[in-house]
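Some notes on the structure that comes next.
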Amino acid sequence: MSFELPKLPYALNALEPVISQKTLEFHYGKHHQAYVNNLNNLVPGTKFENASLETIIKEADGGIFNNGAQVWNHTFFFNSLAPDAGGEPSGTLADAIKKDFGSFAEFKEKFSKAAVTLFGSGWAWLVKNGEGKLEIVQEPNAGNPLRKGLTPVLTCDVWEHAYYLDYQNRRPDFVESFWKLVDWKTVGARF
Amino acid sequence: MAFELPKLQYAYDSLEPHIDSKTMEIHHTKHHAAYVNNLNNALAGTGNENKKLEDLMASISSLPAAVRNNGGGHYNHSLFWEIMKPNGGGNPTGDLADAINRYFGSYDKLKETLSNAGLTRFGSGWAWLVVKGSELVVTSTPNQDNPLMDVADVKGTPILGIDVWEHAYYLKYQNRRNEYLSAIWNVLNWEEISRRFKLAIH
């Protein structure tokens, strides 16, 4: 069975003006699709042929890891966003953020800093560790916290392709705007 | 003395259509300028302010990440601007052409090898043609690392570097890094690459 590009949960223009339709056409239609295609070309004849993406993330290396993790990361990223979203989390996630970071504002600042300062291509993550505590981690390139036994809750893609058409070198502006699209209902349910 | 952003020897629009004016302007005035500023900030008060960039690279493993990232960024971009020119391209000549034939078989084979190094560099980084002792080799490095750094897998003197960070090509080529890597050969400055080859070879 081959891997497939999951459907986007919204229209390509639905995240305007924070993320343009053009950016999503490339990001989802070209980059995400290419990772799916590359993975399908790489796994036949390997022990990962029928593996889940999670197994690939935990056990594979090289091109299979890079493409498999990028399929998972992009699906997770796109599913973290929604039109008319943003605001603040509620319920148990809001409580945990307050407990582990002091306040939502402090969490936001720390997560944004992780996203802005990651050098090169990669991802900023909010994760739950083995003790149920929330942490913020940076992962370069295709990195995914599952490999370290951490559970991803939210991510922000800071590969330049995620924002260059809309923000060019101004990654801090992209990260600031990203918060307007975070779908806390989905993120809270993951937590 | 603090490091300074070098001036380009050509106009931003003069590498069109291969590299567009907007990309050149942002790449030089924003990305490169930020590396220079951040490098100066990272070195301030450390006693390393007056060292040559090449000397910093040679002992980069003992320096902070900010020096590695921004010092590499400053060195790499400074080289990159110089090995390009308007109406460039064509074929290398003289000793460099001989060396390319000797180590790669032909100029076309070098193009293929170097383009492939750029295409397969996952994430951000650079593809390089490097003088290593008396040899010519192709390699690639992640992020703003380069072959002068003591942390590089292949160490030597870079004479040609191709930036494959997405910011180098995304406005014009988006996900088509392969098209950027085909186009860049049209703007290479072989006189400058030859000059660097002669200085490096021994």
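The values are calculated or read from the model by the stated rules, or taken from the named source; none is laboratory data. Note that the structure is predicted; figures quoted are calculated from it, not measured. Quick reminder, even Gly has a Cβ in these numbers, built from the backbone with ideal geometry, and neighbours come from all protein chains shown. Keep in mind that these areas ignore ligands, DNA and RNA; they rest on the heavy atoms of the full protein, side chains included. Shrake-Rupley method; radii C 1.70, N 1.55, O 1.52, S 1.80 Å.
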Problem set entry | Net length gained if the chain between A:Leu5 and A:Ala34 were fully extended (0.36 nm per residue, minus Cα distance) | 9.5 nm
Exercise. Roughly how many nanometres apart are two label points built 7 Å out from the Cα toward the Cβ at B:Ser182 and A:Thr151?
Worked result: 4.8
Exercise. FRET efficiency for B:Ala11 and A:Gln21, Cβ-Cβ distance as r, R0 = 41 Å, nearest 0.05?
Worked result: 0.80
Exercise. Given Cα pairs under 8 Å that are at least 6 residues apart, what percent is the relative contact order of chain B?
Worked result: 25
Exercise. Which angle from 0 to 90°, rounded to the nearest 10, does the C-alpha axis of helix A:104-117 make with the longest principal axis of chain A?
Worked result: 40
For this session: Treating the Cα atoms of the range B:90-202 as identical point scatterers in vacuum, please give the log10 of the normalised Debye intensity I(q)/I(0) at q = 0.19, 0.21 Å⁻¹, two decimals.
Result: -0.99, -1.19
For this session: Quantify, in whole percent, the carbon and sulfur part of the accessible surface of the range A:33-191 (1.4 Å probe; protein heavy atoms only).
Result: 48
Problem set entry | Nearest-10 value in Å² for the accessible area of A:Leu12, using the 1.4 Å probe | 60
Seminar exercise, completed: Here the gain from full extension of A:Lys98 to A:Asn129, 0.36 nm per residue of separation minus their alpha-carbon distance, amounts to 9.6 nm
Problem set entry | Inter-part distance where the range B:130-202 and the range B:78-102 are each reduced to a Cα centre, Å | 11
Problem set entry | Nitroxide proxy distance, nm - points 7 Å out along Cα→Cβ at B:Arg195 and A:Thr55 | 5.8
Problem set entry | Radius of gyration, Dmax [the range A:136-180; alpha carbons; angstrom] | 12.0, 34
For this session: Just the ratio, please: alpha-carbon radius of gyration of chain A over 2.2 N^0.38 Å, N its number of residues.
Result: 1.00
For this session: Could you please tell me the mean projected area of the C-alpha convex hull for the range A:1-48, averaged over all directions and given in square nanometres to one decimal?
Result: 3.7
Problem set entry | Cut-off 11 Å (backbone N to label point 7 Å along Cα→Cβ of B:Leu119), residues of the range B:167-199 | B:177-182
For this session: Keeping all protein chains in position, work out how much accessible area B:Lys52 exposes to a 1.4 Å probe, and write it in Å² to the nearest 10.
Result: 130
For this session: Could you name the aspartates and glutamates whose alpha carbon sits less than 12 Å from that of B:Lys85, not counting residues in the same chain fewer than 8 places away?
Result: B:Asp13, B:Glu16, B:Glu191, B:Glu192
For this session: Please report how many Lys pairs in the range A:1-78 have alpha carbons closer than 23 angstrom, counting only residues at least 8 apart along the chain or sitting on separate chains.
Result: 4
Seminar exercise, completed: Here the residues of the range B:109-125 whose accessible area is at least 10 Å² smaller with all protein chains than in the chain alone (probe 1.4 Å) are B:Phe122, B:Gly123, B:Ser124
Exercise. Separation between the A:Lys110 and B:Glu135 pseudo-spin-labels, each 7 Å from Cα along Cα→Cβ, expressed in nm?
Worked result: 4.8
Exercise. Excluding same-chain residues fewer than 8 positions from B:Lys52, which lysines have a Cα within less than 25 Å of its Cα?
Worked result: B:Lys7, B:Lys30, B:Lys132, B:Lys155, B:Lys198
Exercise. Using the heavy atoms of the protein chains alone and a 1.4 angstrom probe, what is the accessible area of the protein assembly as shown per residue in square angstrom?
Worked result: 44
Exercise. Any idea what angle helix A:91-101 forms with the longest principal axis of chain A, computed on alpha-carbon atoms, 0 to 90 degrees, nearest 10?
Worked result: 80
For this session: Round to the nearest 10 and give me the degree value, 0 to 90, for the angle of helix A:62-79's Cα axis relative to the longest principal axis of chain A.
Result: 40
For this session: Project the alpha carbons of the range B:19-94 onto their principal axes and report the range along each, largest first, in whole Å.
Result: 44, 34, 18
For this session: For the range A:1-50 and the range A:76-106, write down the distance between their C-alpha centroids in whole Å.
Result: 25
Exercise. Suppose R0 equals 22 Å; then what is the FRET efficiency for B:Ala33 and B:Ala2 from their Cβ-Cβ distance, rounded to the nearest 0.05?
Worked result: 0.95
Exercise. Considering only protein heavy atoms, what is the solvent-accessible area of B:Asp55 at a probe of 1.4 Å, reported in Å² to the nearest 10?
Worked result: 80
Problem set entry | Convex hull volume per residue in cubic angstrom - Cα atoms of the protein assembly as shown | 153
Exercise. Karplus couplings for the range B:48-61 from phi (6.51 cos²θ - 1.76 cosθ + 1.60, θ = phi - 60°), rounded to Hz, Gly and Pro as x?
Worked result: 9, 4, 9, 6, 6, 4, 4, 6, 4, 4, 5, 10, 5, 5
Seminar exercise, completed: For the pair A and B, the solvent-accessible area buried on both sides (1.4 Å probe; DNA, RNA and ligands excluded), in Å² to the nearest hundred, is 1800
Exercise. In the range B:14-54, carbon and sulfur make up what percent of the accessible area (probe 1.4 Å)?
Worked result: 47
For this session: Give the carbon-plus-sulfur fraction of the accessible surface of the range B:81-202 in %, rounded to a whole number; probe 1.4 Å, heavy atoms of protein chains only.
Result: 44
